[in-house]
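> Below is the structure I would like to discuss, written out as structure tokens.
Every number here is computed from the coordinates shown, using simple stated rules; none is lab data. Bear in mind that the values here come from a model prediction, so they are computed numbers and not experimental data. Note: ideal-geometry Cβ built from the backbone for every residue, glycine included; neighbour counts use all protein chains shown.
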Ligand code: OGA
Ligand code: NI
């Protein structure tokens, strides 16, 4: 069953000259949003320097990466080889897409006729799917909705592309960006592996050659009372790593650190942002933690283009054995990447972390038993 409010885009709502956001979007508690948060002092990593045969200067870059991942779980990147003009083009095409008339965007809607989805449903019934244009999934009447619309597309593997949801004006840019962005992802993944003392292919083998990559174009409409809503609720990402191309005019992304929300500054033109996701947290047995982040809105519109890199669906997510030992028991259970990915959407609608929602964390008692097994087998 598709929730009756599923078809209501925030952009259309915001266009209606509202004095205040409707109650469905309004946060129940005072989230203390009005205090002016500090800027997060995030590192900038030059990915062109993350090479296997590193010079002393390059070693420094690798050390910076490790420290950025361990302290913030996020960092800005340069040296990715993509010209500023190319990134600008993607941002303007995204802005233009969201500014198209509602009827045009509707062609890519994530609420589709059930018959088109197969399964012989009754005529006129509709079905929600993740892919396409619209808002995120509504599961309950109580759910507080985010102040954003998005276009969500699987871009890799290529054979999984559902091109009927790809707006023609974004297609070529997205194809090109997919190729170039994967290159950045692979380079970072290799550097992260070397950082932990493994060979460059260590994590690449675990995620596979045919990664599942999803692109999320998000539009945060201007909000009449921004302090009452979230652009995007607090979450961690369903990814190994996420690569974000952010609005170069308006900020809004915040990260939770030591119980406080900090602003991620508007990036310098040509920079991308990288966030560690749940999958790297699991695979690294918690050496790298996925940071909780959210988006706050303002009176100005904001856009972002985000690439989520996920393992091949049949790969198993588990703490790498090399990172499990007596002093560091396995902190996460094994789970198939597909099951974890599907669980993300249920968790997201419920406002929980997938790792908690699916109970992927090992509780202390189990840890105890596991380390006892490890001791007895090693004795
Ligand atoms: C996301 C996300 C941040 C942004 O899509 O997961 O965190 O600035 N986006 O849009
Ligand atoms: Ni995110």
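> Efficiency by 1/(1 + (r/R0)^6): what FRET value for residue 84 and residue 20, r their Cβ-Cβ distance, R0 = 35 Å, to the nearest 0.05?
0.35
> Taking the Cβ-Cβ separation of residue 314 and residue 1 as r and a Förster radius of 30 Å, what is the calculated FRET efficiency to the nearest 0.05?
Taking R0 as 30 Å, the efficiency between residue 314 and residue 1 is 0.50.
> Given 25 °C and 0.890 mPa s, compute D for region 10-377 with the Stokes-Einstein relation, Rh being the Kirkwood radius over Cα pairs; round to the nearest whole µm²/s.
D = 114 µm²/s.
> For residue 363 and residue 27 in the same chain, what is the full-extension length gain: residue separation times 0.36 nm, less their Cα-Cα distance, in nm?
Working it through step by step, the gained length comes to 117.8 nm.
> If you build a Gaussian network model of the chain, linking Cα atoms that sit under 10 Å apart, which residue out of 63, 318, 114 swings the most?
114
> Another one. Quote to one decimal, in nm, the extra length available between residue 141 and residue 258 on full extension: 0.36 nm per residue of separation minus the C-alpha distance between them.
Result: 38.9 nm gained on full extension.
> Taking the Cα-to-Cβ direction at residue 339 and at residue 268 and moving 7 Å from each Cα, how far apart do the two end points lie in nm?
Rounded to a tenth, the inter-label distance reads 4.5 nm.
> Now for a separate question. Please give the contour-minus-distance gain from residue 352 to residue 198: 0.36 nm per residue of separation, less the Cα-Cα distance, rounded to one decimal in nm.
The span from residue 352 to residue 198 would gain 52.2 nm if fully extended.
> Can you give me the distance in nm between label points at residue 163 and residue 51, each placed 7 Å from the Cα along the Cα-to-Cβ direction?
3.8
> I would also like to ask the following. In the Gaussian network model of the chain, springs joining C-alpha atoms below 10 Å, which of 227, 125, 61 carries the largest mean-square fluctuation?
Maximum among the listed residues: 125.
> Please report the spacing between the Cα centers of region 121-172 and region 260-288 in Å, no decimals.
25
> For residue 67 and residue 322, what does the FRET efficiency come to when R0 = 22 Å and r is the distance between their Cβ atoms, rounded to the nearest 0.05?
0.60
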